[in-house]
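Enquirer: Input: one structure, supplied below.
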Amino acid sequence: MASPGAILEDAVRLRAGISAPMHDSIVESLYTEAASIADRCVGREGPPRGHRLGQVLDRIFTSRLLGFPAMLLLFTIVFWLTIAGANVPSAMLADLTQVKLYHLLHAGAAVIHVPTWLSGLTIDGIYLAMAWVFSVMLPPMAIFFPLFTLLEDFGYLPRVAFNLDRLFKRAGAHGKQSLTMMMGYGCNAAGVVSTRIIDSPRERLIAIITNNFSICNGRWPTLILMGTIFIGATAPPGYASLVAAGSVVTVALIGIAFTLLVSAFLSRTWLKGEASTFSLELPPYRPPQLLQTLYTSIIDRTLIVLQRAMLMAAPAGAVIWLISNISIGDATIAGHMVAMLNPIGLVIGLNGVILLAYIVAIPANEIIVPAILMLTLNIGKSALAGQGVMMEFDDDLVTYDVLTKLGGWTALTAVNLMLFSLLHNPCSTTIMTIWRETGSRKWTTIATLLPVALGFAVCFTTATVARLMGWV
């Protein structure tokens, strides 16, 4: 068969003297030959099926209209799976560590005649605090981190950065901050480490300082409990769980709003500068590698973070036991501290017990609720109290009665506790991580104290408005 070039030369050479029919025949042969070459060189089956599916998904996930609702729905599912899926294993671990092993350790201490003060300090204080952190943190992280890694491997997280890039750019921050913010919902320490993906030192600092506004595993139990027994209880029984869940989601959305607002403030004051642009490549969707995902999320993330948190919880448990058992005059150290903090707490719609619980629980947010219940029972001199022994009740109604009747709580107390749980200092594990990542006392101090200042301001404002409106 003649080549297209030869045919073309013949056509040019004969063009002047050929008839119209012959001319049309030559042109037709040229097009036929070109079509034959194209058929041999270019596939005409269309894009592969996976590519077509990716195009359909991108029309949804990166759409201006559907992108944000799809993102909210997807992460709500992830959070729901984390919270709901962790309930059963958390309860099992709590029964094992806080009941069976706890009583076994006390029985063993009695057999070998360990002094009461020593068994109290080591078992009721140090061990029980570590047991709380272990049972509360391990199941949610073991669910959240693999799910988050699966989304990362699937290729969805770059689409999240694409959607949120405009908002963070307007705030003077980096689009990748959206990814570090999402990682903070599992653990703020892990979220701080993940800011390494941001190349700009200025924008990385903004991401580090604001990561605390992402609600970590240790704060979910407090929010869920308050939302259930105070907020959800105000709704009809059929809608109670929906209202409770809505209150928790609302606090999470408030956290995102504070992330953007504080990022905008920092980028226009202490960390001035233009938001850097970055070329975001949207990788193709691909099936995740399950074994590698499980290894990365469990070994490299969950266990490392859990180890740090438990090491930090040990001294917190010791402090809680000591201040609850050492008396000065007619009251324990905890009683004196609560009395000193109570005026400040009442002004901002909380109380001294809550403020003391947050002070002693700086090493681990997971022990906030048991510390609050223990302090409330001890100071109220309840028969349910175990001196310096952190506790939690299986029945939410019992918890409600203890907080309202002994602690004098109102709906304002619960709402402000939810807000303060969002806006308070990072745990000591996160503070230590911030120090390691920044190497700066200045920025570690700002990242620690700025959320506390915001928490006091917001709670004071809420309490003032509630009192002026006559709600309390």
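The values are calculated or read from the model by the stated rules, or taken from the named source; none is laboratory data. Note that the structure is predicted; figures quoted are calculated from it, not measured. Counting neighbours? That spans all protein chains shown, and the Cβs are built from the backbone with ideal geometry, glycine included.
For every residue, the table says whether it meets (1) surrounded by fewer than 24 Cβ atoms within 10 Å (Cβ to Cβ); (2) under 23 Å from the mean Cα position of the chain (by Cα); (3) in the same structural domain as Gly155 (by TED's automatic domain parsing).
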| site | (1), (2), (3) |
| --- | --- |
| Ala264 | yes, yes, yes |
| Arg286 | yes, no, yes |
| Ala318 | yes, no, no |
| Ile344 | yes, no, no |
| Ile362 | yes, yes, no |
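Enquirer: Can you find, within the stretch 46-73, the residue that is surrounded by the fewest Cβ atoms within 10 Å (Cβ to Cβ) among those that are of a type in the set (Gly, Ala, Ser) and at pLDDT below 80?
Expert: The selected residue is Gly46.
Enquirer: Report whether or not Thr180 is assigned to a helix (DSSP H, G or I), of a type in the set (Ser, Thr, Tyr) and in contact (Cβ under 8 Å) with a residue 40 or more places away in the chain.
Expert: So Thr180 does not fit the description; no.
Enquirer: Right, next: As an exercise: evaluate Ser324 against (1) assigned by TED's automatic domain parsing to the domain that holds Arg202; (2) at pLDDT 80 or above and give the number of the one condition it does not meet.
Expert: So Ser324 meets the others, but not (1).
Enquirer: Another question, then. Does Leu260 qualify as being within 28 Å of Ala453 (Cα to Cα), out of contact with any Cys (no Cβ under 6 Å at 6 or more places or on another chain) and either assigned to a helix (DSSP H, G or I) or in the same structural domain as Leu151 (by TED's automatic domain parsing) (or both)? Don't jump to the end; show me each part of the working.
Expert: Details: within 28 Å of Ala453 (Cα to Cα): yes; out of contact with any Cys (no Cβ under 6 Å at 6 or more places or on another chain): yes; either assigned to a helix (DSSP H, G or I) or in the same structural domain as Leu151 (by TED's automatic domain parsing) (or both): yes.
Yes: the conditions hold for Leu260.
To keep it simple, each residue is scored yes or no on (1) modelled with pLDDT of 85 or more; (2) surrounded by 15 or more Cβ atoms within 10 Å (Cβ to Cβ).
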| residue | (1), (2) |
| --- | --- |
| Tyr295 | no, no |
| Asp300 | no, no |
| His336 | yes, yes |
| Val347 | yes, no |
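Enquirer: Right, next: Only residues that are touching a helix residue (DSSP H, G or I) at 6+ places or on another chain (Cβ under 6 Å) and not polar (S, T, N, Q): list them for the stretch 182-192, please.
Expert: Within the stretch 182-192, Met183, Gly184, Gly186, Cys187, Ala189, Ala190, Gly191, Val192 qualify.
Enquirer: If you scan the stretch 434-451, which residues turn out to be within 21 Å of Ile368 (Cα to Cα) and buried (at least 18 other Cβ atoms within 10 Å of the Cβ)?
Expert: Within the stretch 434-451, Ala447, Thr448, Leu450, Pro451 qualify.
Enquirer: Let me ask something additional. Within the stretch 388-400, can one find any residue that is outside any loop (DSSP other than H, G, I, E, B), surrounded by 24 or more Cβ atoms within 10 Å (Cβ to Cβ) and at pLDDT 85 or above?
Expert: no
Enquirer: Going by the structure shown, is Ile215 touching a residue at least 12 places away in the same chain (Cβ under 8 Å), surrounded by 21 or more Cβ atoms within 10 Å (Cβ to Cβ) and under 14 Å from the mean Cα position of the chain (by Cα)?
Expert: Against the criterion (touching a residue at least 12 places away in the same chain (Cβ under 8 Å), surrounded by 21 or more Cβ atoms within 10 Å (Cβ to Cβ) and under 14 Å from the mean Cα position of the chain (by Cα)), Ile215 qualifies.
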